[in-house]
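Structure in structure tokens, see below.
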Amino acid sequence: MAQLWGGRFTKETDKLVYNFNASISFDKRFYEQDIRGSIAHVTMLAKQGILTDEEKEQIIDGLEGIKRDVEEGTLEITYEYEDIHSFVEANLIGRIGDAGKKLHTGRSRNDQVALDMKLYTRDEITELDGLLKEMLEILLKLMKENTETYMPGFTHLQKAQPITLAHHMGAYFEMFKRDRQRMKDIYKRMNLCPLGSGALAGTTYPLDRAYAAELLGFDGPTLNSMDSVSDRDYLIELLSAMSTVMMHLSRFSEEVIIWNSNEYKFVEIDDAYSTGSSIMPQKKNPDIAELVRGKTGRVYGALTSLLTTMKGIPLAYNKDMQEDKELVFDAIDTTKGCLALFTGMLKTMKFDAGRMEESAKHGFTNATDAADYLVNHGVPFRDAHGIVGRLVLYCLEKKIALDDMSLEEFKAVSPVFEDDIYEAISMKTCVEMRNTIGAPGRKAMEKVIAAEEAYLTAE
Ligand code: ARG
């Protein structure tokens, strides 16, 4: 056991208590951020004359050495230290002696951990943003390639009206685009530096908090030291944004699972992204999509956990807050992993355009257009709705599509129908006529694709 605070104690900590209290097993993952924060802290201390330039150089050399050795695997982060802060400080003192003991001047582990977690979160938000961008690039490619790939659009999981694959992919494009915007908002709001807040009430040293903030790429220092050490709002916001990403991925997974089923066969998931059965030789299962759907619960769980942990905490720092780490780390790993895997699956998935178009034809998705045809020929919409309803009933009995009916059969229900009805209810016409912005018609889609392309390249 190596602790930073033995002075006022006369007994050793109980072993179980030590293990219960320690966080090194998980906070070791932000050793780099801890060192980065310490380097900024001593740089600021030296600028303010609190440390000499020589002490600063010695400390920075020592810290960089620790970072290098950890990265090269010659220094192992072992669990006899309580947390990553103790590990780094003890190693520094071991390497450079007395100057190392000055590193913690004007700082508490409370503002230190608040800083580390913010630095770590910022780095991860940047990674999440990159993965979301990759997803958007693939979706945009699919949109460009499929403006004339017709498929049924659904409501209530019942075939409703024909759309295109480009339009369907475009819906997910909008969702993941909003996810990126949420990440950006969180980054902007959290980007204030807590360093220099001390345990809760600042310090008596003449720190230049604005300078330290600038060194670490923050927009400025936080404005209340008690809030600084106990604010975990940005983690709750991030968990909420990641829950939304997972909800989107889960909906998409559900569709892929349905589309990949034997009944639909709209898509074929690549062998590299499927698994087999140990007993049924014919099986090729969409396990990746199912796991992504399943893991959504973990991320929602982390959000609920942290909200609950935070709800009864009086100001300022309390140890409860250490619970933020495992939850957030796991949620970030899960979301990043799911994004990367889903993107890979989507990139290699094959869409069966023929089956999708056939499916749209045989689900009466052009029934609204048949009614619109009648309306365009002077029939009131309510009557047109009834006429087409009777046509559908007739087709259901004969097990045919609307397009398969002869003109005589059409005319037997309404004399308004003429030869041009076939053109009017073809998949192509049904889609092409829908050209209000946001609709699946090719002209409207092309405008949207150009706008989204401009958004992606401007980033
Ligand atoms: N491991 C602690 C955490 O994650 C670091 C801060 C400890 N501060 C303290 N006063 N015990 O929150």
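The values are calculated or read from the model by the stated rules, or taken from the named source; none is laboratory data. These figures come from a predicted structure and were not determined experimentally. When we count neighbours, we look across all protein chains shown, and the Cβ atoms used for this are built from the backbone with ideal geometry, even at glycine. Note: accessible area is taken over every heavy atom of the protein model, side chains too, but ligands, DNA and RNA are not part of it. Shrake-Rupley method; radii C 1.70, N 1.55, O 1.52, S 1.80 Å.
At what distance in nm do the modelled label points of HIS385 and THR204 sit from each other, each positioned 7 Å from its Cα along Cα→Cβ?
Distance between the two pseudo-spin positions: 8.0 nm.
Using Cα atoms only, what is the angle between the long axis of helix 442-458 and the major principal axis of the chain, expressed in degrees (0 to 90) to the nearest 10?
With rounding to tens, the tilt is 10 degrees.
Taking the Cα centroid of region 106-128 and of region 352-384, what is the distance between the two, rounded to the nearest whole Å?
Between the Cα centre of region 106-128 and that of region 352-384, the gap is 57 Å.
Between LYS399 and ASN224, what is the label-to-label distance in nm when each label sits 7 Å out along the Cα-to-Cβ direction?
According to this spin-label approximation, the distance is 7.2 nm.
Report, to the nearest whole %, how much of the accessible area of region 1-135 belongs to carbon and sulfur atoms, 1.4 Å probe, protein only.
Looking at region 1-135 in its full context, I get 48 percent from C and S.
Okay, moving on. Among the DSSP beta bridges whose two residues both lie in the chain, what percent are antiparallel, rounded to the nearest 5?
Close to 80 percent.
Separate question: With only alpha-carbon atoms in the gyration tensor, what are the semi-axes of the equivalent ellipsoid for region 205-303, in Å, largest first?
Rounded to whole Å, the semi-axes are 48, 13, 12.
Roughly how many Å² of VAL328 are accessible to a 1.4 Å probe, to the nearest 10?
0 Å²
Please compute the contact order of region 183-340 in relative form: average sequence separation of alpha-carbon pairs under 8 Å and at least six residues apart, divided by the residue count, as a percent. Present the calculation step by step, with values, prior to reporting the outcome.
Details: 172 pairs, mean separation 38.2, N = 158.
Result for region 183-340 is 24 percent.
Probe of 1.4 angstrom, ligands and nucleic acids ignored: what's the accessible area per residue over the chain, in square angstrom?
48 Å²
So, one more: Using only the alpha-carbon atoms, how far is helix 367-376 inclined from the longest principal axis of the chain? Give it as 0 to 90 degrees, nearest 10.
Once rounded, one gets 60 degrees.
Relative contact order for the chain using alpha-carbon pairs under 8 Å, separation at least 6, rounded to a whole percent?
Working: 606 pairs, mean separation 72.2, N = 459.
Relative contact order comes out at 16 percent.
Using a Förster distance of 45 angstrom, determine the FRET efficiency expected from the C-beta separation of ASP53 and GLU323, and round it to 0.05.
About 0.65, to the nearest 0.05.
Could you look at region 332-400 and say what percent of its accessible area is carbon and sulfur, using a 1.4 Å probe and all protein chains?
The C+S portion of the solvent-accessible surface of region 332-400 is 57 percent.
If contacts are Cα pairs under 8 angstrom and at least 6 residues apart, what is the relative contact order of region 326-449 in percent? Don't jump to the answer; show the numbers that get you there.
Values: 91 pairs, mean separation 23.5, N = 124.
Computed over region 326-449, the figure is 19 percent.
Please report, to one decimal in angstroms, the Kirkwood hydrodynamic radius of region 49-165 built from all distinct Cα-Cα pairs.
19.1 Å
Compute the angle between helix 324-348 and the longest alpha-carbon principal axis of the chain, please, reported from 0 to 90 degrees and rounded to the nearest 10.
Long axis of 324-348 versus the principal axis of the chain: about 40 degrees.
With the crude spin-label approximation of a point 7 Å out along Cα→Cβ, what separation in nm comes out for ALA450 versus ARG189?
In this crude label model, ALA450 to ARG189 measures out at 3.6 nm.
Checking the a/c ratio against 1.5 first, then a/b against b/c, what shape does the Cα gyration tensor give for region 1-62?
Oblate, since a/c reaches 1.5 and b/c is not below a/b.
With a 1.4 Å probe and all protein chains in place, put TYR234, TYR455 in order of accessible area, largest first.
Working: TYR234 10, TYR455 40 Å².
Result of the area sort, largest leading: TYR455, TYR234.
Calculate what fraction, in whole %, of the accessible area of region 155-268 sits on carbon and sulfur atoms when a 1.4 Å probe is rolled over the protein chains. List each step's numbers first, then the result.
On the way: 2580 of 4980 Å².
Reported share for carbon and sulfur atoms: 52 percent.
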